Amino acid sequence: MFIKTLIGSLFVQTLIFPCAVIATDIPNDRQQELLHLIKHDCGSCHGMTLKGGLGTSLTPEKLKDKSPEALSSIIMNGVKGTPMPPWKGILDKQEVSWMVKQLKTGILESN
Ligand code: HEC
């Protein structure tokens, strides 16, 4: 009974506070740097508004059927034989999965 209540309350907390969890994982300064990187570095190929250029469009609509894991892996490892470079020397896994969340929710469009 106790365990059930405990699991229940943890579950409710992750539902209610997902934003708080994301915000505390990566320091605010670093989040700003990552957003800047998405706009300027990723944007240099994918377009400043991420609607595509040399690279493919990275809008939420385009990414909605792709799993976060697959997208993170592409960003970490790049795509061989295309200009998409690997970012794993610059970004860690947690940062990349945070960026994928931003891309999938389209946070850049409101900025
Ligand atoms: C030098 C150009 C270049 C830069 C810089 C670049 N990309 Fe790419 N990216 C590409 C190209 C080209 C493709 C398409 C590869 C292919 O044909 O499969 C791609 C593909 C992708 C994909 C797969 C999209 C899909 O629909 O499967 C993702 C996700 C992605 N890039 C994210 C990023 C992110 C995030 C950054 C910045 C950290 C970035 N890219 C920087 C050129 C670039």
Exercise. What are the ³J(HN,Hα) values, in whole Hz, obtained from phi via the Karplus relation 6.51 cos²θ - 1.76 cosθ + 1.60 with θ = phi - 60°, for each residue of the range 63-70 in sequence order, with x given for Gly and Pro?
Worked result: 8, 5, 8, 9, 6, x, 5, 5
For this session: Show me 89-96, 68-75 ranked by packing, highest mean number of other Cβ atoms within 10 Å first.
Result: 68-75, 89-96
Problem set entry | Under 15 Å, Cβ to Cβ, from LYS93 - net charge with Lys/Arg +1 and Asp/Glu -1 | -1
Exercise. Say each of THR82 and HIS40 gets a label point 7 Å from the Cα, pointing the same way as Cα to Cβ; how far apart are those two points in nm?
Worked result: 2.5 nm
Exercise. Among all the lysines, which ones have a C-alpha under 23 Å from LYS39's C-alpha, if same-chain residues fewer than 8 places away are not counted?
Worked result: LYS51, LYS62, LYS64, LYS66, LYS80, LYS88, LYS93, LYS101, LYS104
For this session: Excluding GLU33 itself, calculate the net charge of residues whose Cβ lies under 12 Å from the Cβ of GLU33, where each Lys or Arg counts +1 and each Asp or Glu counts -1.
Result: -1
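Read the figures in this text as sums done on the coordinates, not as results from a lab. Keep in mind it's a predicted model, so treat the numbers as computed, not measured. All Cβ positions, glycine included, derive from the backbone under ideal geometry; neighbour counts span all protein chains shown.
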